[in-house]
Amino acid sequence: MVRVKGVQDGSIAEELGIVPGTELLTVNGRELVDFLDWEFLTADDELVIEARLPDGEAIVYEIERPEGESMGVELDPPTIRRCANRCEFCFIEGLPKGLRKPLYVRDDDYRLSFAYGNFATLSNMKERDIARILEYRLSPLYISVHATPWEARKVLLNNPRVPNIVEQLSKLAEGGIQFHGQMVVVPGLNDGDVLEQSFTDLWNFGDACLSVAIVPVGLTQFSHLYTGKSMDRDTARGLLAIVDRWAERARQERGHSWVYGSDELYLLAEVPLPDAEYYGDFPQIENGVGSVASLRTRVQEGLSTLPRLEGKKIGVVTGVSMAPMMPELLDQLTEATGASFQLIVSENSLFGKTTTTAGLLVGADIRRALADRHDLDLALIPAECINDNGVFLDDEPFIMVREEMSMPVYPSYDFIDVLVHEGEPRVAEAAA
Ligand code: SF4
C-alpha cells in the first residue's frame, strides 16, 4: 500500500476523487509496495486501481489515461532502507552529536539510487530486489563498490554478510542495467592490488559500467570507528597514477575517461586538476568529480555577462581545500568587473580542521568569517552549504545569519549567478 500525500489541481486523481490520505492498494491486480510500483504500473493506459479512502470506503477506479498525462498524485515519502554495514569511514558516524535527526539516517536504498543518484552498496539487497530492478529497468544506478574482491569488501564495509558484488553486478549487467561506481579508498585496504583488481572487474562489465569515481577517505574529528591510515599526499599521487593509466586506456578504447579521481584527491595530491574536456559530460559531478573544472568553465563563460562594479569590495567565503583554486578565478572576476574581491578562507568549526570542503561550512563559520568585515559591500558564500530549506548543517537558518551581517550576503554556486544581478537595483532599494 502507498498513501497519497497530495493531489494536483485539475489532475486525473482529483477528477477521480482521490484525496490526501487515500491508500492506493493495487494497480491492474499488482500490489503496490512503494512509489516505484506506482510510477511503473501506472505507466499503462488502461488502469484498474483499488484504493481505500480516508473514511475507510473501499473503491475501484477504472481509467483510460490519456497518453502522456500524469495521474497527479504525490505520495508519502517511502520508508528508507537502512544500511546494514558499519564502514569505519562512514561520514555519518563522523557527525557530531546534536544535529537534526535526518542527518543521522544511514540510507542504503537502490530505489533512491535510481531516483536521486544516491550511492547504494547493494548489501541489503534480496533476489526479489534484483528482479524488481530488472523488471522496472532501474538504470542507471549509483553503486558504492569500494572493492570488487569479496574479502576486501567485507572488511571495508565492516560487514561479514556482504553479498558478492561481482555476482550482483553481473546479474544487473546481463539484464541491461547500467551503473556508475564509486570507490572510497582507504590506504592499505583498497589501494594497490585491490584497486587494480577492482578496475579490471569493473572494466570487464563493458558498457554496463558507465563511470568509476575514486574518492579519498574523508574523516572528521568525530570519526570514532576509523582505525586506518589517513590519506596523505604521496598515497593520493599513487592513486592518481593508477587512475591516469586506466583513464588513458579508456580514452583510447572507449572514447571517454571512464575513471575519475575526485577533486579532493587532486587537491590532496597537490596535482593540477584536469580541464573540463577530461570529464566529458561530467558523469559524477554530484560526487565532487569535476566540480572545479565545471566552476572554471562557468566563470569563463559568464564573465562577459557581468556589469562593471568599480569601487565595490566583495568578500568570497570558501573552505580550506578550495582556497588555492580561488585567486585565478577572482582575478578574472576583478578584470571583468573592476571590483575588488577579498578571499575569506574559513575552517570548519563543527567537523574540525580535517574537514576542508566549502560545502560543509556551517552557519557559525559564515558568521565568524563575516562578522567584522564592515568594509565589504557584498559577500558571497558557497550555496552548497545551505539545504533546500535554507538551513546550514548546524541548523542555523541562513536568513538569521544574513540578518546579523552588515553587508548583503548571497549564496552562490559560481559567482556569476549573483554578480550578474549586481548592476540592478535590489528589490528593497528599488521599493524605497
Ligand atoms: S555504506 Fe558505509 S558509509 Fe555508507 S552509510 Fe553505510 S556504513 Fe555509512
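The values are calculated or read from the model by the stated rules, or taken from the named source; none is laboratory data. Every value quoted in this text rests on a predicted model; they were computed, and no experiment measured them. For neighbour counting, all protein chains shown are included, and Cβ atoms are generated from backbone atoms with ideal geometry for every residue, glycine included. SASA here: full protein model, heavy atoms, side chains in, ligands and nucleic acids out. Shrake-Rupley method; radii C 1.70, N 1.55, O 1.52, S 1.80 Å.
Do the conditions hold for residue 315, that is, is it touching a Lys or Arg at 6+ places or on another chain (Cβ under 6 Å) and either among the aromatic types (Phe, Trp, Tyr) or under 24 Å from residue 385 (Cα atoms) (or both)? Break it down into steps so the answer makes sense when it comes.
Working: touching a Lys or Arg at 6+ places or on another chain (Cβ under 6 Å): yes; either among the aromatic types (Phe, Trp, Tyr) or under 24 Å from residue 385 (Cα atoms) (or both): yes.
Judged against the criteria, residue 315 is a match.
Matching residues to (1) touching a Gly at 6+ places or on another chain (Cβ under 7 Å); (2) assigned to a helix (DSSP H, G or I); (3) at positive phi; (4) without any contact (Cβ under 8 Å) to a residue 60 or more places away in the chain:
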{"position": "282", "(1), (2), (3), (4)": "yes, no, yes, yes"}
{"position": "286", "(1), (2), (3), (4)": "yes, yes, no, no"}
{"position": "310", "(1), (2), (3), (4)": "yes, no, no, yes"}
{"position": "321", "(1), (2), (3), (4)": "no, no, no, yes"}
{"position": "326", "(1), (2), (3), (4)": "no, yes, no, yes"}
{"position": "334", "(1), (2), (3), (4)": "no, yes, no, yes"}
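Quick one: residue 122 ticks every box in (1) within 11 Å of the ligand (Cβ to nearest atom); (2) free of Cβ contacts under 8 Å to residues at least 40 places away in the same chain bar one, so which box is it?
Unmet condition: (2).
Looking at (1) more than 12 Å from the ligand (Cβ to nearest atom); (2) closer than 18 Å to residue 184 by Cβ; (3) touching a Gly at 6+ places or on another chain (Cβ under 7 Å), which is the one condition that is false for residue 134?
So residue 134 meets the others, but not (2).
Counting only residues that are among the β-branched types (Val, Ile, Thr) and open to solvent by less than 30 Å² (accessible area, probe 1.4 Å), which one in the range 309-355 is nearest to residue 415 (Cα to Cα)?
The qualifying residue nearest to residue 415 (Cα to Cα) is 316.
For residue 170, indicate whether it is small (Gly, Ala, Ser) and over 23 Å from the mean Cα position of the chain (by Cα).
Working: small (Gly, Ala, Ser): yes; over 23 Å from the mean Cα position of the chain (by Cα): yes.
In short, yes.
Table: residues versus (1) within 19 Å of residue 226 (Cα to Cα); (2) touching a Phe, Trp or Tyr at 6+ places or on another chain (Cβ under 7 Å).
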residue	(1), (2)
96	yes, yes
104	yes, no
108	no, no
112	no, no
117	no, yes
124	no, no
134	no, no
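Of everything in the range 288-308 that's part of a loop (DSSP other than H, G, I, E, B) and not hydrophobic (A, V, I, L, M, F, W, C), which residue is most open to solvent (accessible area, probe 1.4 Å)?
Filtering the range 288-308 for residues part of a loop (DSSP other than H, G, I, E, B) gives 288-290, 306-308.
Going one step further and asking which of them are not hydrophobic (A, V, I, L, M, F, W, C), we end up with 288, 290, 307-308.
Working: 288: 27, 290: 0, 307: 29, 308: 132 Å².
So, considering only residues that are part of a loop (DSSP other than H, G, I, E, B) and not hydrophobic (A, V, I, L, M, F, W, C), the one most open to solvent (accessible area, probe 1.4 Å) is 308.
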